[in-house]
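A.B. asks: Below is one structure. I have some questions about it.
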Amino acid sequence: MPQVSLGRTGLRFSPGSAVTGSRKFTTAINALILAFLFGCAQLSWAQVPCCMVPEDEIEEGIEEGIEDNVESETEEDVEDQVEEEVEEEVANQVEGAVEETVEGNIEQEIEANIEDDVQASVEESIESGVEESIESGVENTVEDSVEQVVETAVEESVEDTVEVAVEDSVESTVEEGVEDSIEDTVEQGVESTVEVAVERQVEDQVEESVESSVEGSVEEAVATTIEDRLENEIDEILDEIENKFEVNEDRIQTAQWLVMAEPEAFDELAKKGYLFDNVTELPGMGLRLAEVAAPSTFEISEVRQGVVDVVGSERADVDLNHFYTAGSPIEHTVEGIAPRKAVPFPADVDDLGLRIGMIDSQVDTSHPALSRSSIESQSFVREDANTPAFHGTAIASIIAANGDDYQGLAPHARLYAAGVFEQDAERGEVASTVSLVRALDWLVTSGVDVVNVSLAGPPNRLLETALNRASQRGVLILAAAGNGGPVAKPKYPAAYPTVVAVTAVDTAGRAFRLANRGDYLDIAAPGVGMLHARAGGGYATSSGTSFAVPFATTAAARLRFLQPGTNVLENLYRSVQDLGAPGRDEIYGYGLLQPLTLVTSGR
């Protein structure tokens, strides 16, 4: 609190420790006090002339009056002065604090904006840099990798090249390119941003580049090499297995091998020193067949590889001369079922000029049931061979017999009978691959619609190619499934995909007990206890899958005649009576043939 005192020099004012007064304020107070004292002195002397009031009393009174008056005035002035100074100090402090706060906020906002701009700029730069780096890296490395893969694929083994060379080369190249790009970019930018950008970019870029480049270039370049190598290796394996396990000398023409190809391929082989003594032209299929004597050191796989190396695997076939049999039909002593009673056919079949081919043994065209039939025969066995006629005569009579007491399924059909069987002292009735291929070519040239094949045996490359050529020329081939029993292996040519495999059933729809079974079977027809003409005269009753084929052959020929250009097999399979398990099965194929449900000439 301020203190006021009166000294010899006048009234003194002390603001204390809280407030310090100014000199101007102190001078004014002192002047006021002097004036007041002077006035009081005159007044006192005028009223009491005889005596003087003591100086102490005067001083005490003055001090009390002055203190009261001065105290109130001083407090007001001091309060005003303090208030002004406090307001000024507060204003200064607030202004400083506000300035600091504003500056801090502005500084933070500027820093945040700068960081965002810098981060966005860095991310954009990094993404652009990574993308350009990855694109250039992947393009260069994939191109180098593709060249290396192609060269390696041609020189090394196929499986190792494809599985190891391509994968290792592409992986290492991509990894190196990506790692280098990421390292350079991460050192200059933000690690987290680069990681995300690189992962996405690498995945997309690598997938697109590798798939398009490897699949487009490597696949196209290596595919041919792979196929050729694999095919050659598989051929060698199959040949080795065949030579060691499956080749039975009773089933092949020993000391002989066959080559079949287009004439141009033979010209190329001749230029390489291959000479062929016995050559047969096959104009119906556009091929040439050569028979070659095999030396004592003969290896079929080596011969095949030599031919393939010259003309390619797709242009020539090399195989052995296999033997085929008509099976051993079961003959019965009781009279069998006539063909027309076994399964009914539409009436129009009697008058249709169907063109049917058959590959079998010779046909006894002098038999009364066949003497008036339209049959053209051709033999494809050796001139001095003993040619049987039992089986061929039986099949021909079921198809086209036109006798007074015996009628075939299509008595007015034009039948082309190719004789391929000869009697062998050790093997019985057999047909060779050479005779089958030549017979098939003759039937294709003759313009038949369907071919009935009543024989079975092992697979053969030349036979398969000949069947494919015939199918491409619109000839439908139907063959016996085989009489080897339920557990026997598939028989050929029936098991080839271009051939319709026919199995046999009895009149009650039960499967023939010796019929082959398998997923290659297509259709079932009557083939048990069939009555047929016997070569030399008379009739006989036999059972077997070969006796079922004529029914399916005649039905197919009728459809071809009435509706050329339609899908004959689809119509045949759609008309069957399902037997056994629902749908196609390994016993009856699609089911039992039903000719009456097929379309007629007026529909």
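The values are calculated or read from the model by the stated rules, or taken from the named source; none is laboratory data. For clarity, every value in this text was computed on a predicted model and none was experimentally measured. Cβ: placed from backbone, ideal geometry, glycine included. Neighbour counts: every protein chain shown. Note: areas computed on protein heavy atoms with side chains; ligands, DNA, RNA excluded. Shrake-Rupley method; radii C 1.70, N 1.55, O 1.52, S 1.80 Å.
A.B. asks: Quick one: which of ALA396, ALA385, ALA369 is in contact with a Phe, Trp or Tyr (Cβ under 7 Å, 6 or more places away or on another chain) and in contact (Cβ under 8 Å) with a residue 24 or more places away in the chain?
C.D. replies: Unique residue meeting the criteria: ALA369.
A.B. asks: Testing VAL349 on (1) open to solvent by less than 40 Å² (accessible area, probe 1.4 Å); (2) over 49 Å from the mean Cα position of the chain (by Cα), one condition comes back false. Which one is that?
C.D. replies: Unmet for VAL349, out of (1) open to solvent by less than 40 Å² (accessible area, probe 1.4 Å); (2) over 49 Å from the mean Cα position of the chain (by Cα): (2).
A.B. asks: Determine which member of the set GLU281, GLU376 is of a type in the set (D, E, K, R), under 46 Å from the mean Cα position of the chain (by Cα), modelled with pLDDT of 90 or more and in a strand (DSSP E or B).
C.D. replies: Result of the check over GLU281, GLU376: GLU281.
A.B. asks: Only residues in segment 444-465 that are over 15 Å from TYR324 (Cβ atoms) and not assigned by the TED database to the domain that holds GLU262 count as the first member; pair them with residues that are open to solvent by less than 40 Å² (accessible area, probe 1.4 Å) and small (Gly, Ala, Ser), Cβ under 6 angstrom, at least 6 apart or cross-chain, and list the lot.
C.D. replies: Cβ pairs passing all conditions: VAL444/GLY284; VAL444/ALA470; THR445/GLY284; VAL448/GLY357; ASP449/ALA557; VAL450/ALA556; VAL450/ALA557.
A.B. asks: Might you let me know whether segment 274-290 holds any residue that is touching a residue at least 24 places away in the same chain (Cβ under 8 Å), of a type in the set (Phe, Trp, Tyr) and either closer than 25 Å to LEU440 by Cα or assigned by the TED database to the domain that holds MET530 (or both)?
C.D. replies: no
Every residue, every condition in (1) open to solvent by 10 Å² or more (accessible area, probe 1.4 Å); (2) of a type in the set (Ser, Thr, Tyr); (3) modelled with pLDDT of 95 or more, yes or no:
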{"position": "HIS391", "(1), (2), (3)": "no, no, yes"}
{"position": "ILE399", "(1), (2), (3)": "no, no, yes"}
{"position": "GLY403", "(1), (2), (3)": "no, no, yes"}
{"position": "LEU409", "(1), (2), (3)": "no, no, yes"}
{"position": "HIS412", "(1), (2), (3)": "yes, no, yes"}
{"position": "LEU415", "(1), (2), (3)": "no, no, yes"}
{"position": "VAL420", "(1), (2), (3)": "no, no, yes"}
{"position": "ALA425", "(1), (2), (3)": "yes, no, no"}
{"position": "GLY428", "(1), (2), (3)": "yes, no, no"}
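A.B. asks: Which condition from (1) modelled with pLDDT under 95; (2) crowded, with 21+ Cβ neighbours inside 10 Å is the one that THR507 breaks?
C.D. replies: Tallying (1) modelled with pLDDT under 95; (2) crowded, with 21+ Cβ neighbours inside 10 Å, THR507 fails exactly one: (2).
A.B. asks: Another one. If ALA342 passes every condition in (1) outside the structural domain of GLN256 (by the TED database); (2) at pLDDT 85 or above; (3) open to solvent by 40 Å² or more (accessible area, probe 1.4 Å) but one, which one does it miss?
C.D. replies: Result: ALA342 fails condition (3) only.
A.B. asks: Do we have ALA525 as outside the structural domain of LEU287 (by the TED database), surrounded by fewer than 24 Cβ atoms within 10 Å (Cβ to Cβ), at pLDDT 95 or above and closer than 30 Å to GLY284 by Cβ here?
C.D. replies: When the stated conditions are applied, ALA525 does not pass them.
Here's the yes/no breakdown for (1) touching a Ser or Thr at 6+ places or on another chain (Cβ under 7 Å); (2) in a strand (DSSP E or B); (3) at pLDDT 95 or above:
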| position | (1), (2), (3) |
| --- | --- |
| ALA494 | no, no, yes |
| VAL502 | yes, yes, yes |
| LEU521 | yes, no, yes |
| THR554 | no, no, yes |
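Rundown of residues vs (1) out of contact with any Phe, Trp or Tyr (no Cβ under 8 Å at 6 or more places or on another chain); (2) over 21 Å from ILE395 (Cβ atoms), yes/no style:
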site: GLY536; (1), (2): yes, no
site: SER542; (1), (2): yes, no
site: THR545; (1), (2): no, no
site: VAL568; (1), (2): yes, no
site: PRO582; (1), (2): yes, yes
site: GLU586; (1), (2): yes, yes
site: LEU598; (1), (2): yes, yes
